[in-house]
Amino acid sequence: MEALQQGRWQDALALGRTAINLAPDHAEAHHLLGLALLQLGDAPGAASQLEQALAHDRNNAGLLAHLAQSYAACGRHGDAHATFRRAERLAPGHWPYRLGAAIALAQDGRVTEAEALLRRLNDQHRGQAVILFNLGNAQLQLAQHAAAEHSFRAALQIEPQDHELQLSLGTALHRQLRFDEAIAHYRHCIDARADWPVPRLNLVSALIDD
């Protein structure tokens, strides 16, 4: 657990495997090993370990949420949605589980359902930039570009230094053919993070379109 908290993923992996060798049915050992594998990019291995943890600890909402994340990383978005919903039923007051379910819906191609869920979630939990960010992304997918702009601007009121939000706002403006505004946002992102290729590519696209 300490290795995970400190970001020492390989150490966490080795210690988790040792713990499981000592106690093969220890749910938290499988859970922590699954988290280490997820951080190291082995999503199928993480899912396997987290499923084994769940077999011994079926009512752990946090474990279910981590399993849902591993399913999403495997591209199993339907399973991710169902698992986030299970976590939400165990901890109904914890809105990030419902957010995870909404993101999984969008990734599964059910964007209209995701957008409706995200709007309800935003109505219930005002002031959460991450909800507005994902709502804006869903609205972009649905070609609701003006609505997406509104969502991203509202999120930036909460997190004005968030460069992902600046980039997304630029995209919403770009798709409304407001090239000068989009270009300004893309340039802002480039100035803030010179090593980030995405805003440079978007800037090129906006300059061509203009």
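The values are calculated or read from the model by the stated rules, or taken from the named source; none is laboratory data. Only a predicted model underlies this, so the values are computations on that prediction, with no experimental measurement involved. Backbone-built Cβ (ideal geometry, glycine too); neighbour counts: all protein chains shown. Accessible surface is based on the protein model in full, side chains and every heavy atom, while ligands, DNA and RNA are left aside. Shrake-Rupley method; radii C 1.70, N 1.55, O 1.52, S 1.80 Å.
Just want the answer: with Cβ charges of +1 for Lys and Arg and -1 for Asp and Glu, which residue in ALA19, LEU33, GLY75 is farthest toward the dipole's positive end in the chain?
Of the candidates, GLY75 comes out farthest on the positive side.
Dividing the convex hull volume of the Cα atoms of segment 57-99 by its residue count, what figure in Å³ per residue is obtained?
That works out to 56 Å³ per residue.
Let me understand segment 82-121 better: what is its radius of gyration from the alpha carbons, and its Dmax, in angstrom?
Here Rg and the maximum Cα pair distance are 9.5, 26 Å.
Two-decimal Rg/Rh of segment 1-57 from alpha-carbon positions, Kirkwood Rh?
Reported Rg/Rh, Kirkwood definition of Rh: 0.94.
Size of the dipole of segment 139-199 about the Cα centre, Lys and Arg at +1 and Asp and Glu at -1 on the beta carbon, nothing else charged, in debye to 20?
My answer is approximately 180 debye.
Given 37 °C and 0.692 mPa s, how large is the Stokes-Einstein diffusion coefficient of the chain in µm²/s, with Rh as the Kirkwood radius over Cα pairs?
After rounding, the answer is 175 µm²/s.
Quick check for me: using +1 on Lys/Arg Cβ and -1 on Asp/Glu Cβ, what's the dipole size of the chain about its Cα centre, in debye to the nearest 20?
That gives a dipole near 400 debye.
Any idea which of ALA104, HIS145, ILE183 is furthest toward the positive side of the dipole for segment 87-210, if Lys and Arg beta-carbons carry +1 and Asp and Glu beta-carbons -1?
Positive-end residue among those listed: ALA104.
May I ask for the Kirkwood hydrodynamic radius of segment 87-210, worked out over all distinct Cα pairs and given in angstroms to one decimal?
15.0
Hey, what's the Cα Rg ratio for segment 96-155 versus the globular rule of thumb, 2.2 N^0.38 Å?
Dividing the Cα radius of gyration by 2.2 N^0.38 Å gives 0.97.
Which value at 222 nm does the chain reach when only helices count, each DSSP H run of 4 or more adding -39,500 (n - 2.57), with the total divided by all residues and rounded to the nearest 500 deg cm²/dmol?
-25000 deg cm²/dmol
Ignoring ligands, DNA and RNA, what percent of the 1.4 Å accessible area of segment 19-112 is carbon and sulfur?
Using a 1.4 Å probe with all protein chains present, segment 19-112 comes out at 49 percent carbon and sulfur.
If a helix is a whole DSSP H run, which ones in the chain reach 15 Å or further along their own axis (Cα) and hold a mean Kyte-Doolittle hydropathy of at least 0.5?
The qualifying helices are 27-39, 61-73, 95-107, 129-141, 197-209.
What does the convex hull of the alpha-carbon atoms of segment 1-116 project to on average, in nm²?
Over all viewing directions, segment 1-116 projects a mean Cα-hull area of 7.0 nm².
Quick check for you: with a 1.4 Å probe and neighbouring chains kept, what is the accessible area per residue of the chain, in Å²?
With all protein chains present, the chain gives 51 Å² per residue.
If I model a spin label as a point 7 Å beyond the Cα along the Cα-Cβ vector, how far apart are those points for GLU159 and ASN21 in nm?
The modelled label-to-label distance comes out at 4.1 nm.
Report relative contact order for the chain in percent, whole number only (criteria: Cα-Cα under 8 Å, sequence separation at least 6).
Once normalised by length, the contact order is 9 percent.
Using per-residue counts of other Cβ atoms within 10 Å, averaged over each peptide, order 13-20, 61-68 from highest down.
The packing order, highest mean first, is 61-68, 13-20.
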